[in-house]
Structures are given as C-alpha cells and as structure tokens.
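**Student:** Quick one: structure below, then a few questions.
A short reminder: the numbers here are calculations on the coordinates, not readings from a lab. Remember, it's a predicted structure, so these values are computed and weren't measured experimentally. Don't worry about glycine lacking a Cβ; one is built from the backbone with ideal geometry, like all the others, and counts go over all protein chains shown.
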Amino acid sequence: MKIIGTGAYLPGKPITNADLARVMDTNDEWIRQRTGITQRHFCDPGEGPADLAVHASQRALDAAGIGAADIDYVLFSTMTPDHIFPGSGPLLTARLGCGTIPALDLRTQCAAFPFSLQVADGLLKSGAARRILIVGAEAHAGLMPWRDWDILRGERDGSPDKGAFAFATAHRGWSILFGDGAGALIVEASADPGPGLVAIDLHTDGRYAEQLYVPAGFKNQPYASPAQLEAGAFYPSMDGREIFKHAVTKLPRSVRAVCAKADVALDDVDWFIAHQANARINDAICDRLKVDGRRVPSNIDRYGNTSGATIPILVDEMRRDGRLRDGQLACFLALGAGLHWGSALVRL
C-alpha cells in the first residue's frame, strides 16, 4: 500500500478564540491553556462534509496525477454526516464523477484513520480494489450550541440574549474543541515491497460509550421531539477527564504494542502522527513514550479538533512541506468515541 496523493480543505475564514467569546463566557487564554487551540474553521449553512470532501479529494487526485475514474473504492469517515441516511460516501462519489464504485462509510469517529488503513490494506491485498480514496471530513458547525452565528462571525454587532449566552456557556467544555475540515489520501497497491502497512493494533470497548456520545437517537420514539431538543439531547455529552485518562494511557500502550509486533524500536519511528484532539493529550503521550516532541507534529492550534479529518489534514500538510517523505516510518495513533482506539505503523 503506497500513498500517491493527498489533499486537504478548510472552509471559510478562521474563527478565533476571541470570536467565541462573543457568544459564550470564555476567552483566548482559557481555551489555549486547556487545549492549545487558537482558531478553527466552520462550514457555512448548507455546507456539509461531502462538500468539504470534494475539495480535499480533488486536490489529492491532482497531487496523484490521476482522475476520479481511476479510483475504484472510497472509504469515507465522518461522525457528522450530511444526512441521517444515506451516508456521505455516495454523495462524494457522485460529485467527483467516480461512477458506480463502492463507497463505504465508516463510523469510528476520531479514531477513523488507523481503522481506515486496515480496511484499505485488506481491500488491496484481497484484490477487491487497486486504488482507494480515503477521506475524513467533518461539519461540526451544526453541533455547536450557540445560535447567533452572525455575531460570532463579526457580521453583526451586539450580544446574544441571556438565555442563548448561558446555553452556549453550559456547553463550552466540548464546543471550544471542534472545527470543520476535510483531508484525503489516495493509496494504491504497489509491487514495491518497501511501502505499506507494517503492523496495526486496534481496539473497541463500548463499556465507555456514554463518556463521549450524543444521547439522541433511534431508541427514542419519535427520534426527534421538542422535549429532547429542550433537554439538549442532540448535543454531545462528554466526560473530559475520563476521555483524557483513556487517551494518555491507552494510546502509549497501543504504540508500544504495534512497535513490538513489527519488532521496531520507538527510536526507529520517524513520526508519531496523532489525532489532534487536545494539545495537552499529545504532550502527555510524548512524555509517557519518552519521545522528542519534534517527532509528534501538531496543527491543532490552527484547526481545532476536526475529528476524522485531523490526521489526513496533517498528513497532507507534511507531504506538501517536505517533512513526510518516501521511506520514512510513521506511526498513526488515535482515540475516539466508542471507545475506539489504536495505532498503525506504516512505511511510506
């Protein structure tokens, strides 16, 4: 499995921490100290993950020097789909002009990338596909708890009413984290024995599902009601302290496990490319693995947590600026709602 092209796309102008302070009780210092985030991007109304994915995918196709007709399988990861159903994969393939190739939507949230690599590797080795478009795209804007987008974006002076301000503030613990964006990679089967998935270590444990989840769903009859809306059931519920503990214990353990499977020392890994959830989490992982922070790249300060898109966006940046090169050994690691987590060791 060889990466032959990458692309990324961020919608709209950056929304700073100071912009968030217009619609909730927060400030730049409070957010930066807790997350490392200074700004993020959000979709416009009517813009969804498939729209973002079209831009990122086209840039990946251009980088690879191929057309949409040369793709024969799509893996689309998002936790913020355009619709309840169908998934966003079919919308992307139709927009790109891929014909009737299979498009598989994956729901492993922020852990999407290592899971996608395992699926892609299996499809290529089985002969079911020869060239795969892997996409992560998120439109978190619809999840955000504020109502006055025009005030947030500086299009209107003034302040939200007290109720709207209080409601947004009540959800600031998670809402300050997220941003929108898309990243795409194209991988193909290669006769070269060098590049490919070297080892993988993946896990799922649903016992912790309610530590990070959206309570609304089809267990409710009807699945949407005014009472649920009033109760905030359509907004995420997150136990931030517990998720932090899971990330800083489970991910270092997984990295060591995947390196052991490949008989590779941590010092042999060129890059540890982690999901961009929170700068404090990745700093703690560095400390526990005792690796140089320069080998754990980050862009969360500029984009926030784009969930399934964070690693593909970072990979695109690193390929375009020359940091990520053929022959290097990269370890991709992520944890997301589910809980899903794991790491993948890839020779580029």
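**Student:** Please arrange 272, 165 by counting, for each residue, the other beta carbons lying within 10 Å of its beta carbon, fewest first.
**Tutor:** 165, 272
**Student:** In the chain, with Lys and Arg counted as +1 and Asp and Glu as -1 at Cβ, which of these residues, 103, 331, 310, has the Cα nearest the positive end of the dipole, that is, farthest along it?
**Tutor:** 331
**Student:** Additional query: Which aspartates and glutamates, on any chain, are close to residue 162 with Cα under 14 Å apart, when same-chain ones fewer than 8 places away are left out?
**Tutor:** Within reach: 25, 148.
**Student:** Under a Cβ-Cβ cut-off of 14 Å, what is the net charge of the residues other than residue 317 that fall near it, where Lys and Arg count +1 and Asp and Glu count -1?
**Tutor:** It works out to a net charge of +3.
**Student:** Using the Kirkwood formula over every pair of different C-alpha atoms, what hydrodynamic radius in Å results for segment 2-188?
**Tutor:** Answer for segment 2-188: a Kirkwood hydrodynamic radius of 17.6 Å.
**Student:** Using a simple charge model, +1 on the beta-carbon of Lys and Arg, -1 on the beta-carbon of Asp and Glu, nothing else, what dipole does the chain show about its Cα centre, in debye to the nearest 20?
**Tutor:** The dipole magnitude comes to about 640 debye.
**Student:** So what is the relative contact order of the chain, in percent, for Cα pairs below 8 Å that sit 6 or more residues apart?
**Tutor:** Normalised by residue count, the contact order of the chain is 26 percent.
**Student:** Hey, could you grab the Kirkwood Rh for the chain? Inverse mean 1/r over distinct alpha carbon pairs, Å, one decimal. Intermediate results must be reported in sequence, preceding the final value.
**Tutor:** Details: mean 1/r = 0.0488 Å⁻¹.
It is 20.5 Å.
**Student:** Report, in debye and to the nearest 20, how large the dipole of segment 154-195 comes out about its Cα centre when Lys and Arg carry +1 and Asp and Glu carry -1 on their Cβ.
**Tutor:** Numbers: 3 positive and 6 negative charges, 72 e Å.
It comes to approximately 340 debye.
**Student:** Residue 258: net charge of surrounding residues, Cβ under 14 Å, Lys/Arg +1, Asp/Glu -1, itself excluded? Let's see the in-between values first.
**Tutor:** Numbers: positive: 250, 253, 256, 261, 347; negative: 121, 201, 263, 268.
Its environment carries a net charge of +1.
**Student:** May I pose another question? Taking neighbour counts of Cβ atoms within 10 Å as a proxy for exposure, in what order, fewest first, do 341, 174, 30 appear?
**Tutor:** Ranked by crowding around the Cβ, least crowded first: 30, 174, 341.
**Student:** What lysines could a cross-link reach from residue 2, if we take a straight Cα to Cα line under 17 Å and drop same-chain neighbours fewer than 8 places away?
**Tutor:** Candidates past the 8-residue exclusion: 125.
**Student:** Oh, and also: Check the straight Cα-Cα distances from residue 250 and name the lysines below 25 Å, setting aside those fewer than 8 residues away within the same chain.
**Tutor:** Cross-link targets: 261, 290.
**Student:** Could you work out how far helix 240-261 tilts from the main Cα principal axis of the chain, as a 0 to 90 degree angle to the nearest 10?
**Tutor:** Its long axis makes an angle of about 0 degrees.
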